[in-house]
Amino acid sequence: MLILKLSLCMVGVATNANAFGDMKMSFSPSKVIVTGAAGRTGKLVFSALTKDPKVETLGILRTEKSAIKLRKETKCGLDNLVVWDITSTGDIPKQMEGSEAMVICTSAVPVISKTSMVTSMLKIPLNLISGKKAFNFRDLKFKYKPGQYPEKVDYEGQVAQIDLAKKLGVEHVVIVSSMGGTDPSNFLNTIGKSEDGSGNGDILLWKRKAEKYLVESGLSYTIIHPGGLTDGPGDVNELVLDVDDELLKNEKRSISRADVANLCIAALTEGRGKKVSFDCITRETAEGTKVQSAKEALSSFLSTGKTTNYDL
Ligand code: NAP
């Protein structure tokens, strides 16, 4: 475990902005941990929270390299960062004490297999001669780095974080997980596995197992299952929330990381004290149409009483 040295004179970008919008501050957590804070969604959650002077935000990062990059990109203070591997069994960093909420944005990250990349490149001349698409992205294969596969990161890592939340007395945990958890044959589960089914894959199944651990933990939680993630802006398209992979029936099943980050932040206030798990995508709206904020969409979804059925 390596903890970045604190620098009292360096504080996060303090503006008068409030990450929770027009939320009553009495319901906002004053100290929030964001794990996977250098990841693409984690960074958006972390960045929005560090801009709120009323919230003490701690980003947890696996490597010093990620911490330096995040600091450069968000201009946060050193005291906003803790370098700690979520699978570590070392002592809990002291800075985390007193945290009221935790947003978990860690995940095993598939990487492109170099062999499949080379094979796809070698096929280009032949494809061109035969009039086919020069480079077929479907030929690319993905895998996980050694020791960084879903059972380790998405199950053991998340269980470690949920246990950590309990030890710290954190009241509310938000997890960014994924849609598709009801279907063991989902394509994403094949990543990391050989054709005979051996290997370390099943990302959605391990994520769902970790979710069940959280559900049984006694903590209050918001589990968010996004559809395909994009890097588009937030607050542009209509948020659609539902449960049990019903949204997979839609042709368009994506959502921007910015919208997911907004839902995470909304969950810290709207979802606080509640135990809810849901799927989310966005639907395009006519230009100029005013869309509900993440806070409004989550609040109206919570009033339906729906939540994921983990018996499916
Ligand atoms: P991402 O950019 O892939 O970030 C994942 C983060 O997890 C990285 O910051 C990585 O750290 C961190 N991490 C991995 N192993 C760790 C460990 N052992 N200790 C500490 N941190 C560790 O995430 P994203 O693409 O924004 O996705 C957010 C979530 O949405 C993920 O759970 C993903 O599975 C899920 N999701 C993705 C899609 C999609 O279309 N991609 C769709 C639905 C749901 P480093 O920065 O150090 O590498």
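The values are calculated or read from the model by the stated rules, or taken from the named source; none is laboratory data. Owing to the predicted nature of the structure, the values given are computational and were not obtained by experimental measurement. Positions of Cβ are generated from backbone atoms using ideal geometry, with glycine treated the same way; all protein chains shown enter the neighbour counts.
Restricting attention to the stretch 192-226 and to residues that are part of a strand (DSSP E or B), at pLDDT 95 or above and not hydrophobic (A, V, I, L, M, F, W, C), the residue that is nearest to the ligand (Cβ to nearest atom) turns out to be PRO226. Considering every residue within the stretch 183-191, establish whether at least one is assigned to a helix (DSSP H, G or I), touching a strand residue (DSSP E or B) at 6+ places or on another chain (Cβ under 9 Å) and touching a residue at least 24 places away in the same chain (Cβ under 8 Å). No, the stretch 183-191 contains no residue that is assigned to a helix (DSSP H, G or I), touching a strand residue (DSSP E or B) at 6+ places or on another chain (Cβ under 9 Å) and touching a residue at least 24 places away in the same chain (Cβ under 8 Å). Pairs linking a residue in the stretch 50-62 that is at pLDDT below 95 to a residue that is among the acidic types (Asp, Glu), with Cβ atoms under 8 Å and 6 or more positions apart or on different chains, are ARG62/ASP85.
Just checking, which of THR50, THR57, THR41 is within 13 Å of the ligand (Cβ to nearest atom) and closer than 23 Å to ALA165 by Cα? Working first, answer last.
Working: THR50 fails: within 13 Å of the ligand (Cβ to nearest atom); THR57 fails: within 13 Å of the ligand (Cβ to nearest atom).
From the options THR50, THR57, THR41, the qualifying one is THR41.
Determine whether SER177 is surrounded by 17 or more Cβ atoms within 10 Å (Cβ to Cβ) and not assigned by TED's automatic domain parsing to the domain that holds LYS31. Judged against the criteria, SER177 is not a match.
Quick grid of which residues meet (1) within 16 Å of the ligand (Cβ to nearest atom); (2) touching a residue at least 12 places away in the same chain (Cβ under 8 Å); (3) under 27 Å from VAL260 (Cβ atoms):
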residue: ILE104; (1), (2), (3): yes, yes, yes
residue: VAL109; (1), (2), (3): yes, yes, yes
residue: LYS114; (1), (2), (3): no, no, no
residue: SER120; (1), (2), (3): no, yes, no
residue: LYS133; (1), (2), (3): no, no, no
residue: LYS141; (1), (2), (3): no, yes, yes
residue: GLU151; (1), (2), (3): yes, yes, yes
residue: VAL173; (1), (2), (3): yes, yes, yes
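Of the residues in the stretch 227-250, at least one is part of a helix (DSSP H, G or I) and within 15 Å of the ligand (Cβ to nearest atom). All of GLY218, GLY234 fail the test of being small (Gly, Ala, Ser) and surrounded by fewer than 15 Cβ atoms within 10 Å (Cβ to Cβ), apart from GLY218.
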